1. Within the stretch 286-301, count every residue that is assigned to a loop (DSSP other than H, G, I, E, B) and of a type in the set (Phe, Trp, Tyr).
2. Applying the selection to the stretch 67-87, what residues are in contact (Cβ under 8 Å) with a residue 24 or more places away in the chain and surrounded by fewer than 19 Cβ atoms within 10 Å (Cβ to Cβ)?
3. Kindly indicate which of ASN324, ASN304 is open to solvent by 70 Å² or more (accessible area, probe 1.4 Å), assigned to a loop (DSSP other than H, G, I, E, B) and at pLDDT below 95.
4. Kindly indicate whether PHE253 is open to solvent by less than 40 Å² (accessible area, probe 1.4 Å) and either modelled with pLDDT under 95 or within 12 Å of THR208 (Cα to Cα) (or both).
5. Among the residues of the stretch 356-405, write down those that are loosely packed, with under 13 Cβ neighbours inside 10 Å, among the aliphatic types (A, V, I, L, M) and at pLDDT below 90.
6. Just to be sure, is ASP242 more than 16 Å from the chain's Cα centre (by Cα), at pLDDT below 90 and surrounded by fewer than 20 Cβ atoms within 10 Å (Cβ to Cβ)?
7. When you go through (1) under 20 Å from ALA224 (Cβ atoms); (2) in contact with a Leu (Cβ under 9 Å, 6 or more places away or on another chain) one by one for LEU266, which number turns out not to apply?
8. Which of the following residues is loosely packed, with under 14 Cβ neighbours inside 10 Å and within 24 Å of ILE81 (Cβ to Cβ): ASP271, ASP281, ASP222?
Amino acid sequence: MSELTSKYGKVLFVFCGGGCKAIIQAVAASEVVKAGLTPSHIISSSAGSCNALGFVENPGPVGAENTIRIWEDYITSPEAIYEVHPFFREKLTRLLGVVPRATQDWGPSGSILHDLRRAMKFVPLILSFCTRMPLRVAGRTVSFIFRLMDTFESQHKSFRRLVQCPEIQEAFDEVDKFFEFKRMKAFLDPFPLLARLGEQIDLKKVLTSSTVWHILTERYEDGATVIFSNKDADVAMDGNDDARSLKSKYDLFYKRIRASMALYPLFEMVDMEGYRYLDADLANPLPVEEAFSFGCDTVFFFLNVPKKSVRVDPHPLRDLLELNDLLRLNERFIHHRVMEAQVKAKTLGVNLFVVRPDEIPSGLGLLEIDNKVIQSVKINERNRMKEYLCNLDTHNLRFVPLSDV
C-alpha cells in the first residue's frame, strides 16, 4: 500500500461529461493514478463513461494509459465519433430535393414546373412562421425567460421543464408539420465510437473488476437519476454462464453504458424495460449527492469546465443578460454545486478535490477534436497535474473556507 493510499483511504473518481473535452479529465485522472491513488469506486456520465471504461477494465496505470491510447488512436475526429442518423439523413435528402434544380427545359416534363410544385409544399410552413410567430414572439420570450429563471433553482429538472414548456412544444409542432421530427430518434448516430469502444474494451474484465463502477443515466419519463453498476446482480459473472448467457449480460451492460452517453437529442435515447434513458449530465452535471453516498474517504471530481471568475451575488439586469449565455449559467451552477460538495465534505470528514482545466484549447469542443489538440492537452495537463500533485494537501477543499472556492 502506497503512502498516499494509506493517507487518503478509499478513493472515488467522478468523471463528468463534456464531449471531446473529456480528454482533459482522462489525462488528469491518469496522473492521479500514476501518483498512487487508484480509485475503488468510479461514478461517470456522458463522455466520462467513455473514460471510465479503461480505468475500470484495468485498475491502475495500465488502464489509465489505455484510456488515453483510445483517444489518440480512435477518437481523433468528429467522423470517428458519429455519423448522421439515417432518419435525419432521409429528411435532409427530402429538404434538398425541394431546392430547385438547374432548369433544362420549360415543358411539362421539364424541371422548372416540377421544382415549383415541390417548392409549394413550403408555403404553409412559411405562412405559419411569417404570420403567427412574429405576433407571439414578445409574449413567448417573456414567458420563456421567467420559466428559465424559475427552473434555475431546480437544476436537476430544469432541462426537462424547459423542453416541455408550451412555448417550446408549440414551436416544435410548427416545424413538425413538414419535417415530421417527432418520428426522428436523433440527429446523429454514435455507432463509430461505440464500435471502437466495443473492440478495445473487454467487458468481462469490466464486470469482474475490483473497481466498483456507478453509471449515471436519466430516465426520460420522470427525470429521475438512475444508477447502474458493474456489480448489479443481473450482470454478475457466474462460472456456470454459457455463451448465450454471457452475451445477454454483455449486451445489457453495454446498453447501460450507451444510455449514459446518449446526449439527446444529438444521440438516440436507449429503451430498457419500458423506459427511455439518456445522458444524466444534462440535468445532473455534478452528482454531489451520489458521490458522497458510497462511504469513500476521498472524492475527486474531474470537470471539463474551466475555473473562471464567477459573479455569485444576484443582480437582476445582469442575470437577465446572462440568460443568453449558457456557458455563463453553467459556470454559476457548477460553482454552487462545488460549494454544496464542500459543505458535505466538511460535515462528513471526506477529503474533496475538484480538478478542472485552466482553459479549453481552441479546436476542442463537444464534438470537435483532432490529433494536434490531443497531444497539446497531454503535455499541458501532465505538467499542470505534476504541480497539483506535489502540493495535493493545499487543494483539499475540505479544509478551505467556502468563500475561497
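The values are calculated or read from the model by the stated rules, or taken from the named source; none is laboratory data. Predicted model only: the values in this text are computed from it and were never measured. Neighbour counts are summed over all protein chains in view; Cβ atoms, including those assigned to glycine, are modelled from backbone coordinates with ideal geometry. Side chains are part of the model used for accessible areas, which takes the heavy atoms of the whole protein and leaves out ligands, DNA and RNA. Shrake-Rupley method; radii C 1.70, N 1.55, O 1.52, S 1.80 Å.
1. Adding up the residues that qualify gives 2.
2. GLU72, TYR74, THR76, SER77, PRO78, GLU79, ALA80, GLU83, VAL84, PRO86, PHE87
3. ASN324
4. So PHE253 fails the test.
5. Within the stretch 356-405, LEU402 is the sole residue that qualifies.
6. In short, yes.
7. Exception for LEU266: condition (1).
8. Just one listed residue meets the conditions, ASP271.
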